[in-house]
Amino acid sequence: MASKTQVALVVGASRGIGRQIAIDLARNGYAVVVASKSTSTSESDAAKFPPNPNSQLSTIQTVEREIREIYGGEALAIPVDTRDPDSVQRLVNQTIQRYGRLDAVVYNAGAIWWASVEDTPMKRFQLMQRVNVEGLYATIQAALPHLKLEKKGRIVVVSPPIYSRFFRGKTAYAMGKVAMSVLTKGLAMDFERQGLKDMAITSIWPAVAIESAATDQFTRKNPAEANDLRKPAIFSDAILEILKAPASAVNGQLLLDEDFLRDHAGIMDFAKYSVVPGMTPRRIMPVELPDLAVKEQDDEGKRYDSSKGVKAKI
């Protein structure tokens, strides 16, 4: 029997930003499926609870426990390897078996390697494409039939606006992340063509660097680095606002957390999100971004639909 509570699946939810998203969704009434490759060990089971949210002791099991025991919410931890489509399909199947529905998917899983092309080994390149691009694609493919049942499903992708400076010094990483944003744009067009006016897929990216397991390595060496960090709550607050917004306002949009909160939620004071009180962290994203639309945007021309084997406008 389907749950009356809305259900959100957060992929990449074991620590940092993903953990915060899962907790805040639960605090706002969602039943949350906490998914990641990181699971508990005997060491993490014996550790102080709750663990450091940016440490390896934070796993999908500890996040589930936090949601249940500290926040009084509903959660289910399910391990997943986003490189394996079968593992992703099992994740979605188990979600439906438990709750009978799926209303929102947040894809936060990611592999990162920032280096020049010559300093990015092929195995590292392939890992990023498998986790970042193929993992997202597999998750959407598995989730779409369930998201479309009520014709109101939402997908939120952690990927950036598309602009050239983003490629600098991290081309291999950018290739995958930009591909995720292209998927956001393309699926949004599919929703529009199919008349699914209450469904939406949205990408979101931080305007200012956010405290995470990745930033911990820098702040341990130089505590002053924390001056330029924000708490992950700003990101989860933005995602909550995206899920509340009309689909027409967010479908196909490549958003920045701060800008969306300011422009659509009316939040003007971001001081509470600073990791170091009183500091104003440096913005890492451009204030203005290019418009990807062209003058001929509405001209679809004659296209080929490979799934039907005939020429058709799709």
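Run the Debye formula on the Cα coordinates of the chain, all scatterers equal and no solvent, and tell me log10 I(q)/I(0) at q = 0.06, 0.15 1/Å.
These q points yield log10 I(q)/I(0) values of -0.20, -1.35.
Can you tell me which of 110, 195, 252 moves the most in a GNM of the chain? Springs connect C-alpha atoms under 10 Å apart.
195
Roughly what % of DSSP beta bridges within region 7-311 run antiparallel, to the nearest 5? Write down the numbers at each step before the final one.
Numbers: 4 of 32 bridges.
Antiparallel bridges make up about 10 percent of those DSSP assigns within region 7-311.
What does the helix-only formula give at 222 nm for the chain: each DSSP H stretch with n ≥ 4 adding -39500 (n - 2.57), the total divided by the residues, and the result rounded to the nearest 500 deg cm²/dmol? Intermediate values should be presented prior to the final figure.
Numbers: 11 runs with 115 residues, N = 314.
Rounded to the nearest 500, it is -11000 deg cm²/dmol.
By Kyte-Doolittle mean hydropathy of at least 0.0 and Cα axial length of at least 27 Å, which whole DSSP H helices of the chain are selected?
Working: long enough: 171-193 (32 Å, 0.35).
Helix filter hits for the chain: 171-193.
Compute the normalised compactness of region 47-196: alpha-carbon radius of gyration over 2.2 N^0.38 Å, N being the residue count.
On the way: Rg = 17.3 Å, N = 150, 2.2 N^0.38 = 14.8 Å.
Output field value: 1.17.
Please order 4, 197 by the number of other Cβ within 10 Å, starting at the fewest. Display every interim value, and only then the final one.
Values: 4 8, 197 14.
Listed from fewest to most nearby Cβ atoms, that is 4, 197.
About the Cα centre of region 7-311, how large is the charge dipole given +1 on each Lys and Arg Cβ and -1 on each Asp and Glu Cβ? Please answer in debye to the nearest 20. Can you show the working numbers first?
Details: 39 positive and 36 negative charges, 81 e Å.
The dipole of region 7-311 has a size of about 380 debye.
Lysines within cross-link reach of residue 197: Cα-Cα under 22 Å, excluding same-chain residues under 8 positions apart?
148, 151, 152, 185, 244, 313
Quick note: the coordinates plus some simple rules give every number you see, no bench work behind them. Keep in mind the model is a prediction, meaning the values are calculated, not measured. Glycine also receives a Cβ, built like all others from the backbone with ideal geometry; neighbour counts cover every protein chain displayed.
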